[in-house]
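Down below is the structure, laid out as structure tokens.
The values are calculated or read from the model by the stated rules, or taken from the named source; none is laboratory data. Predicted, not measured: the structure shown is a model, and the values here were computed from it. Don't worry about glycine lacking a Cβ; one is built from the backbone with ideal geometry, like all the others, and counts go over all protein chains shown. Each accessible area value is taken on the protein alone, full model and side chains, heavy atoms only, with ligands, DNA and RNA left out. Shrake-Rupley method; radii C 1.70, N 1.55, O 1.52, S 1.80 Å.
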Amino acid sequence: MRKPIVVGNWKLNGSSADNESLVLGVIDGMRELNGVDVGVCPPFVYLPQVEKLAEATDLGLGAQNCSEHDSGAFTGEVAPRMLHDIGARYVILGHSERRAMYGETDEMVSDKVKAALSAGLTPILCVGETLEQREADETEAVVRQQLAAVISGNGIQAFEHIVIAYEPVWAIGTGRTASPEQAQEVHAFIRGQLADHDANVAQSVRIQYGGSMKPGNAAELLAQPDIDGGLIGGASLKSEDFLGICRAAADTVG
Ligand code: 13P
């Protein structure tokens with residue numbers, strides 16, 4: 001049985017005041033939650049604030065990106081060891097917004113996964129196709145390629161320490177969610193790709209769905225056999241919405 005994992009990706013949102021009420025609200029609601037891993041990924045500058053608020057709670061902390069380098073002349077970058085140093089557990093890597101807007105290639109994502117793993121972080125590796133690619137029937141080819149780069153750069157065993165997030169680009173921030181069947185199909189495909197290398201790793205890896213997941217559609221998505229949680233954008237900015245999704249995930253555990 002895979003433990004569900006729900007993580008909020010705050011993207012470029014937040015302020016000291018808003019973060020405090022959001023995080024305290026999430027922590028309060030988490031007291032009634034069992035059997036689900038919950039995390040939030042604020043912008044870099046707010047990580048210490050959220051770490052302090054979440055101290056001695058089960059709320060996991062994550063970043064939205066990191067450098068593939070450990071130190072050196074890389075102005076503006078943040079090393080995974082620094083994230084680990086300030087108490088982060090997760091780092092989102094290869095998000096479609098970074099691939100599309102900041103030129104991150106499959107190879108760069110693979111290098112970042114390697115750096116994050118060696119710093120002791122759990123990468124949340126994002127994969128997913130654009131609308132154009134889906135309509136051209138390229139979904140599987142795109143996802144296969146995104147995964148293959150990380151498998152060849154890190155080895156299949158690395159996936160024992162990686163969470164995968166399937167995020168169809170056309171469903172992100174659009175209000176247009178993949179149907180449970182559409183999502184399940186790709187999640188099963190992802191697990192199958194890993195199973196070609198190692199069946200045990202494939203069975204144990206957790207695969208989140210991301211893309212307009214909300215309290216109203218979370219239960220049916222999370223009921224799918226290969227959907228093990230959610231990576232939540234917009235709905236992670238309101239504690240009640242985020243907690244609604246966390247509760248739906250906890251309900252799948254029974
Ligand atoms: P939305 O939930 O806002 O669609 O964003 C999903 C996402 O990109 C999470 O990483």
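Data for the structure
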quantity	calculated
Nearest-10 value in Å² for the accessible area of Ser110, using the 1.4 Å probe	10
Ratio of the Cα radius of gyration of region 132-226 to 2.2 N^0.38 Å, where N counts its residues	1.08
Expected 222 nm ellipticity per residue - DSSP helices of 4 or more, -39500 (n - 2.57), all of the chain, to 500	-13000 deg cm²/dmol
Label-to-label distance, nm, for residues given as His69 and Phe44 (7 Å Cα→Cβ offset)	1.2
Accessible area in the full protein assembly, largest first, 1.4 Å probe, for Lys114, Lys52	Lys52, Lys114
Förster radius 30 Å - calculated FRET efficiency between Lys3 and Glu140, Cβ distance, rounded to 0.05	0.65
Accessible surface of region 128-254, 1.4 Å probe, proportion on carbon and sulfur as whole %	47
Kirkwood Rh, angstrom, region 60-186 [1 / mean 1/r, Cα pairs]	15.1
Calculated log₁₀ intensity ratio I(q)/I(0) where the Debye formula runs over C-alpha points of region 137-186, q = 0.17, 0.25 Å⁻¹	-0.64, -1.04
Long-range amide H partners of Arg206 with built H, under 5 Å	Ile164
Region 48-109 - Kirkwood radius from inverse mean 1/r over Cα pairs (Å)	12.8
Packing-based order for 181-192, 90-101, using average beta carbon neighbours within 10 Å, highest first	90-101, 181-192
Å³ per residue enclosed by the Cα convex hull of the chain	116
Label-to-label distance, nm, for residues given as Glu55 and Arg31 (7 Å Cα→Cβ offset)	2.0
Under-5 Å amide H pairs with Ile232, H placed in peptide plane, nonlocal only	Val7, Gly8, Asn9
Residue-normalised accessible area of the chain, given per residue in Å² at a 1.4 Å probe	44
By average C-beta atoms within 10 angstrom, highest first, the peptides 55-65, 4-14	4-14, 55-65
Asp137 - accessible surface, heavy atoms, 1.4 Å probe, Å² rounded to 10	140
Region 18-71 - percent of accessible surface contributed by carbon and sulfur, probe 1.4 Å	45
Surrounding net charge for Val201, when Lys and Arg each add one and Asp and Glu each subtract one, Cβ distance under 15 Å	-2
Mean Cβ neighbour count within 10 Å, used as a protection proxy, ranking 167-174, 209-216 highest first	209-216, 167-174
